[in-house]
Every structure is written in structure tokens, then in C-alpha cells.
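Here the structure is laid out as C-alpha cells; the discussion comes afterwards.
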Amino acid sequence: MNDDIACICGRLRRASRTLSRRYDAALAAVGMNVNQYAVLRNLSQMPRPTLAEFAERTAHEKSAMWRTLQPMIRDGWITVEPGRTQHFSLSDAGRAQLDLARPFWTEAQAEISNILGQREAVLIELLHEIETHV
């Protein structure tokens, strides 16, 4: 078997980049990308997480998460509560941006779901196994 085809990591990374481009194209209409959408969506589901808590939930390194948050803090989508341990929350502007983006994300999600059909549930289960056991 061709090593390029057999490499699970390589195939997942290429598939991830392909999916990201599709979601990014949909979300460009509201001036954001899929990474920003995921951050806002996750932050909307967490009560005032610290950087470490948020990075843990999203499987990021803290320094990478901090760099990801910076533009959204600058744009006023995310607020940082000052203190020894900083806590993050979605601002009203961030909630509005998330609400504005949701239909575009839903459209991209439906397109991918249609392509996968009944295999979608199996894919989600397999990805969950990788996330929890590797």
C-alpha cells in the first residue's frame, strides 16, 4: 500500500484542511474563519474559563490559544477579566458575531453532512475514539 494513503495522520490533516477551507469560505461572508467560529462557540458554552481551562477544552497549547484569542479580544468579541488569573468571556459583540455566523456555518455543515450521508455518525464516533484514546 502507498505510504501516503496509509498514513492516518496525513490523511486526517489533509481532510481537515479541505474542510477548513469549505467552512472558511462560508464564514467569509461575515468576516471570520472556522477557527474563530469554534472559539466563539466553545466560549459561549463555558462560564468564564481561564486560558488553561479553555486550551484544555479545545485541545490547544496555552500559547497557541492565546495567539488565537488576540484578534478576537482586539475586535471586542471576547472580554478578558483582569486579575491574577485572567478569565475570558464572550462579549455582546461576540455573541452577535456568533449569531450572525451561525447560518453560514450551518450551511457548510449541511453540505458536508449530505456528502457523508449515513457514514457521518460512524466518522464522528471514530474521531471521538481518536480524541479520547490517542
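The values are calculated or read from the model by the stated rules, or taken from the named source; none is laboratory data. None of the values given here were measured: they were computed from a predicted structure. Reconstructed Cβ throughout: ideal geometry from the backbone, glycine too, with neighbour counts over all protein chains shown. Heavy atoms of the whole protein, side chains included, go into the accessibility calculation; ligands, DNA and RNA do not. Shrake-Rupley method; radii C 1.70, N 1.55, O 1.52, S 1.80 Å.
For the range 55-67, the criterion of a residue being in contact (Cβ under 8 Å) with a residue 60 or more places away in the chain, under 12 Å from the mean Cα position of the chain (by Cα) and within 19 Å of THR106 (Cβ to Cβ) is satisfied by no position. The set of residues in the range 50-78 being touching an Asp or Glu at 6+ places or on another chain (Cβ under 8 Å) and open to solvent by less than 50 Å² (accessible area, probe 1.4 Å) consists of ALA55 alone. Got at least one residue in the range 79-87 being open to solvent by less than 40 Å² (accessible area, probe 1.4 Å) and either within 15 Å of the chain's Cα centre (by Cα) or not polar (S, T, N, Q) (or both)? No; the residues of the range 79-87 include none that is open to solvent by less than 40 Å² (accessible area, probe 1.4 Å) and either within 15 Å of the chain's Cα centre (by Cα) or not polar (S, T, N, Q) (or both). Within the span defined as the range 18-29, every residue fails to be open to solvent by less than 50 Å² (accessible area, probe 1.4 Å), touching a Leu at 6+ places or on another chain (Cβ under 7 Å) and touching a residue at least 12 places away in the same chain (Cβ under 8 Å).
Across the range 30-49, the number of residues qualifying as of a type in the set (Ser, Thr, Tyr) and either buried (at least 17 other Cβ atoms within 10 Å of the Cβ) or modelled with pLDDT under 95 (or both) comes to 1. When LEU127, LEU123, LEU98 are screened for being surrounded by 16 or more Cβ atoms within 10 Å (Cβ to Cβ) and touching a helix residue (DSSP H, G or I) at 6+ places or on another chain (Cβ under 9 Å), only LEU98 passes.
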